[in-house]
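Down below is the structure, laid out as structure tokens.
The values are calculated or read from the model by the stated rules, or taken from the named source; none is laboratory data. Because the structure is a prediction, the values reported are computed rather than measured. Heads up, the Cβs are rebuilt from the backbone with ideal geometry, glycines too, and the neighbour counts pull from every protein chain shown. The accessibility values were calculated without ligands, DNA or RNA, using every heavy atom of the protein model including side chains. Shrake-Rupley method; radii C 1.70, N 1.55, O 1.52, S 1.80 Å.
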Amino acid sequence: MFAYPVDLVEQDGEFIVDFPDISECHTVGDTREEALAQARDALETALSLYMDQKRLLPRASLAMGRPVVSPSALAALKSELYMAMKEKNVTKAELARRLKVSKVQVQRLCDIMHQSRLDQIEAALTASGKRVLVTTQELRSILAA
């Protein structure tokens, strides 16, 4: 769900990355690889901003041959948690009650920029009616332009 296609253009010796699905998200790098690495940071910042503003996270469109950029696994799980809570109208206070933890701990679980333990995120997703499944894919299939 969080594999966003990007437009990657070389201009004046730099590589410019734009996210068609997230109009606020742009970055640049000296090389293609650097630009895509920077794009991951830009994506996580944009998703964090959406969450801070209590907005729905944008859905990723089809890649259609474009490179895709995804947040880190932890940021993707936190984004899934945020969406599950919004979908099911679960407040942070209610999730804290379900998990028997403080509201501050739940706030950290919902903060992309905070390092959380995977088992805590998994428990929060379970309490929100979701389960975690892990898949991998060949790197060249997602970086191919």
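Numbers at a glance
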| quantity | calculated |
| --- | --- |
| Calculated on alpha-carbon atoms, Rg and Dmax of the range 1-69 in Å | 11.9, 38 |
| Simple spin-label estimate for Glu87 and Glu34 in nanometres, 7 Å along Cα-Cβ | 3.9 nm |
| Over the chain: helical MRE at 222 nm, DSSP H runs n ≥ 4 each giving -39500 (n - 2.57), nearest 500 | -14000 deg cm²/dmol |
| Residue with peak Gaussian network fluctuation, the chain [Cα springs, cutoff 10 Å], from Leu56, Leu133, Leu118 | Leu133 |
| Residues Lys103 and Asp7, FRET efficiency given R0 of 35 Å [Cβ-Cβ distance, rounded to 0.05] | 0.30 |
| Kirkwood Rh in Å, taken over all unlike Cα pairs in the range 63-145 | 13.9 Å |
| Dipole in debye (nearest 20) - the range 81-124, about Cα centre, beta carbon charges: Lys, Arg +1; Asp, Glu -1 | 200 debye |
| Convex hull projection area averaged over all views, the chain, Cα basis, nm² | 8.8 nm² |
| Carbon and sulfur %, accessible surface of the chain computed with the full protein complex present, 1.4 Å | 52 percent |
| Where the chain is the region considered: accessible area per residue in Å², 1.4 Å probe | 60 Å² |
| Cα-based convex hull volume of the range 45-103 per residue, rounded to whole Å³ | 101 Å³ |
